[in-house]
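Novice: Below you will find the structure I want to go over with you.
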Amino acid sequence: MQARELTVRDAFEFTPRTFPDNRGLFVAPFQEPAFLDAVGHPLRLAQTNHSISQRGTIRGIHFSDTPPGQAKYVYCPQGALLDVVVDLRVGSPTFGQWDVVRLDTVDFRAVYVAEGIGHGFVALEENTAMSYLCSEGYRPGAEHGITPLDETLGLPWPSDIEPILSEKDRSAPTLAQALDQGILPNYEDCVTHYKSLRG
């Protein structure tokens, strides 16, 4: 399995080997040795999530209060999507920057999103599935978002697809508004938390 750090610090792309044969295909989207080597600590698993989305559905940009936050390891077992990470950590060297990875059933890439980093995606095909391995369970009141349509961010949503959003995501604040509201994670708090995970 190959790993590389994305433009957003503490977010990683993982590309596993696939093993096709006359029966179909086998792949291991998560492999702990590669994860440990890239990230430096084990993936704590508290909850798994699974979503199915229509073509054009945008989910995100979501984040949660850190610490403890919620790290995510995501991959696409059906369909295709563009996975987007946005650095929302105030004080981070890459604050406000984003990166994108195509996740699909060709390469079975996965993305790890550390606590405090914003995450979202757009489904490129009908019935696109996303699987999430989450370090923490859902915590009402600690979950937040910024609008994925924030023009100042200029996220790479395809221009030929009509976006489908929840009302919550559509009405979420812009990055600048979230900064003014004081709801964004603090980079130093996040770094301290990452260090605690390394023991």
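The values are calculated or read from the model by the stated rules, or taken from the named source; none is laboratory data. Bear in mind the structure is a predicted one, so any value in this text is a computation, not a measurement. So basically every Cβ, Gly included, is an ideal-geometry build from the backbone, and we count neighbours across all protein chains shown. To get the accessible areas, we keep the full protein, side chains included, count just its heavy atoms, and leave off ligands, DNA and RNA. Shrake-Rupley method; radii C 1.70, N 1.55, O 1.52, S 1.80 Å.
Novice: What's the number of the condition S51 fails, among (1) within 26 Å of L149 (Cβ to Cβ); (2) surrounded by fewer than 16 Cβ atoms within 10 Å (Cβ to Cβ); (3) touching a helix residue (DSSP H, G or I) at 6+ places or on another chain (Cβ under 7 Å)?
Specialist: Failed condition: (3).
Novice: State whether the residues of the range 105-115 include one that is free of Cβ contacts under 8 Å to residues at least 60 places away in the same chain, under 22 Å from W157 (Cβ atoms) and out of contact with any Phe, Trp or Tyr (no Cβ under 8 Å at 6 or more places or on another chain). Quick ask: steps written out before the conclusion?
Specialist: So in the range 105-115, the residues free of Cβ contacts under 8 Å to residues at least 60 places away in the same chain come out as 105-106.
Okay, now just the ones that are also under 22 Å from W157 (Cβ atoms), so 105-106.
Adding the requirement that they be out of contact with any Phe, Trp or Tyr (no Cβ under 8 Å at 6 or more places or on another chain) leaves 105-106.
Looking for residues that are free of Cβ contacts under 8 Å to residues at least 60 places away in the same chain, under 22 Å from W157 (Cβ atoms) and out of contact with any Phe, Trp or Tyr (no Cβ under 8 Å at 6 or more places or on another chain), one finds at least one in the range 105-115, hence yes.
Novice: With the structure loaded, tell me whether P77 is assigned to a loop (DSSP other than H, G, I, E, B) and open to solvent by 30 Å² or more (accessible area, probe 1.4 Å) or whether it fails that test. Let's see the steps before the verdict.
Specialist: Numbers: assigned to a loop (DSSP other than H, G, I, E, B): no; open to solvent by 30 Å² or more (accessible area, probe 1.4 Å): yes.
Criteria not met by P77.
Novice: Applying the selection to the range 138-175, what residues are within 24 Å of E115 (Cβ to Cβ) and acidic (D, E)?
Specialist: E143, D150, D169
Novice: For the range 80-91, give me each residue that is open to solvent by less than 10 Å² (accessible area, probe 1.4 Å) and either under 15 Å from L179 (Cβ atoms) or out of contact with any Gly (no Cβ under 9 Å at 6 or more places or on another chain) (or both). Even if it seems obvious, please write down each step before you answer.
Specialist: Residues of the range 80-91 that are open to solvent by less than 10 Å² (accessible area, probe 1.4 Å), as a first pass: 80-81, 83-89.
Within the range 80-91, A80, L81, V86, D87, L88, R89 qualify.
Novice: Report, by residue number, each residue of the range 92-109 that is part of a strand (DSSP E or B) and open to solvent by less than 30 Å² (accessible area, probe 1.4 Å). Write out each step before concluding.
Specialist: Step one: list which residues in the range 92-109 are part of a strand (DSSP E or B), which gives 98-104.
Answer for the range 92-109, where residues must be part of a strand (DSSP E or B) and open to solvent by less than 30 Å² (accessible area, probe 1.4 Å): D99, V101, L103, D104.
Novice: Additional query: With the requirement that a residue be touching a residue at least 40 places away in the same chain (Cβ under 8 Å), out of contact with any Lys or Arg (no Cβ under 7 Å at 6 or more places or on another chain) and not aliphatic (A, V, I, L, M), what does the range 28-41 give you?
Specialist: P29, F30, F35
Novice: Tally up the residues in the range 24-60 that are under 29 Å from A172 (Cα atoms) and either hydroxyl-bearing (S, T, Y) or not in a loop (DSSP other than H, G, I, E, B) (or both), please.
Specialist: Number of matching residues: 11.
Novice: Name the strands (runs of 3 or more DSSP E) wholly within the range 110-199 that hold at least 3 residues that are surrounded by 16 or more Cβ atoms within 10 Å (Cβ to Cβ) and modelled with pLDDT of 95 or more?
Specialist: Details: elements: 110-113, 117-123, 128-134, 143-145.
Result: 110-113, 117-123, 128-134.
Novice: Kindly establish whether L45 is open to solvent by 60 Å² or more (accessible area, probe 1.4 Å), without any contact (Cβ under 8 Å) to a residue 40 or more places away in the chain and over 15 Å from the mean Cα position of the chain (by Cα).
Specialist: On the way: open to solvent by 60 Å² or more (accessible area, probe 1.4 Å): yes; without any contact (Cβ under 8 Å) to a residue 40 or more places away in the chain: no; over 15 Å from the mean Cα position of the chain (by Cα): yes.
The answer is no for L45.
Novice: Sticking with this one: Residues of the range 7-27 being free of Cβ contacts under 8 Å to residues at least 24 places away in the same chain and among the hydrophobic types (A, V, I, L, M, F, W, C), which ones? Give the derivation first.
Specialist: Step one: filter the range 7-27 for residues free of Cβ contacts under 8 Å to residues at least 24 places away in the same chain, giving 17, 19-26.
Residues satisfying the conditions are F19, L25, F26.
Novice: Also, I was wondering about something else. Every residue in the range 64-74 that is open to solvent by 10 Å² or more (accessible area, probe 1.4 Å) and either at positive phi or part of a strand (DSSP E or B) (or both), please.
Specialist: Let us first name the residues in the range 64-74 that are open to solvent by 10 Å² or more (accessible area, probe 1.4 Å), namely 65-68, 70, 72.
Within the range 64-74, K72 is the sole residue that qualifies.
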